[in-house]
1. Would you grab the residues whose amide H sits under 5 Å from the one on Asp116? Only those 5+ places off in sequence or on another chain, please, with H modelled 1.01 Å from N.
2. Kindly identify the range 109-166 as rounded, prolate or oblate by the Cα gyration tensor criterion: order the square roots of the eigenvalues as a ≥ b ≥ c, call it rounded if a/c is under 1.5, otherwise compare a/b with b/c, prolate if a/b is larger, else oblate.
3. Over the Cα atoms of the range 24-166, Rg to Rh with Kirkwood Rh, two decimal places?
4. Assuming R0 = 22 Å, can you tell me the calculated FRET efficiency for the pair Asp77 and Gln121, based on Cβ-Cβ distance, to the nearest 0.05?
5. What number in nm² do you get for the range 38-106 if you take the convex hull of its Cα atoms and divide its surface by four?
6. For each of Arg55, Arg158, Arg152, count neighbouring Cβ atoms within 10 Å of the residue's Cβ, then give the residues from fewest to most.
7. Sort 63-74, 31-42 by packing, meaning the average of other beta carbons within 10 Å per residue, with the highest value first.
8. How many angstrom separate the Cα center of the range 106-166 from the Cα center of the range 30-81?
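Each reported figure results from applying straightforward, stated rules to the coordinates on display, with no laboratory input. Nothing here was measured: the structure is a model prediction, and the numbers come from that model. Here Cβ is always computed from backbone atoms with ideal geometry, including for glycine, and neighbour counts include all displayed protein chains.
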Amino acid sequence: MSNENENEVLSDDVPTQEDVVVEAPGQETDPVASLTADLQRLQAEYANYRKRVERDRSVAHELAIASVLTELLATLDDIDRASQHGELSGGFKAVADQLASLTTRFGLEKYGLDGDEFDPQIHEALMHETSADVAVATASKILQPGYKYKERILRPARVSVTEPEA
């Protein structure tokens, strides 16, 4: 008999779904207004979801292009060396020109010139020397050019740095 009394007490203490009232005291809820608010919230969530997916898709696209361009950098370096030594001629020159045109169209930019101010964000110092001829740290010789895609550095320019004497 004590088990029955305990069950009755427990079932009486637990509120059922009909007992729970969501509305604030003194206010009546309009079902149309409530449903309209829910619909507006869902529409806003969906719009945010679409924007987030589009942004993620754009980032993934840029990363894929940057990855392919990064793999081409060694080939571009070889073509530059062949061009510097006068070995770029005939059909190979046409292929090299097409490759350069293609990478430029995708947005690959080559940077690094002798005499540029040294910036550790875009340059990698491989050699160091001092000179009275410079006022600030300068990339005196470009050992390997740097490449960037949009604002992303794919490879820093490898340089010899000349600093002013103390």
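1. Ala139
2. On the way: a/c = 2.61, a/b = 2.37, b/c = 1.10.
Here the range 109-166 falls in the prolate category.
3. The Rg/Rh ratio comes out at 1.35.
4. On the way: r = 21 Å, r/R0 = 0.98.
That pair, Asp77 with Gln121, gives E of 0.55.
5. Values: hull surface 22.6 nm².
With the hull built on Cα positions only, its mean projection is 5.6 nm².
6. On the way: Arg55 10, Arg158 18, Arg152 13.
So the residues, fewest neighbours to most, are Arg55, Arg152, Arg158.
7. Numbers: 63-74: 14.2, 31-42: 9.8.
For the peptides 63-74, 31-42, the packing ranking is 63-74, 31-42.
8. After rounding, the separation between the Cα centres reads 33 Å.
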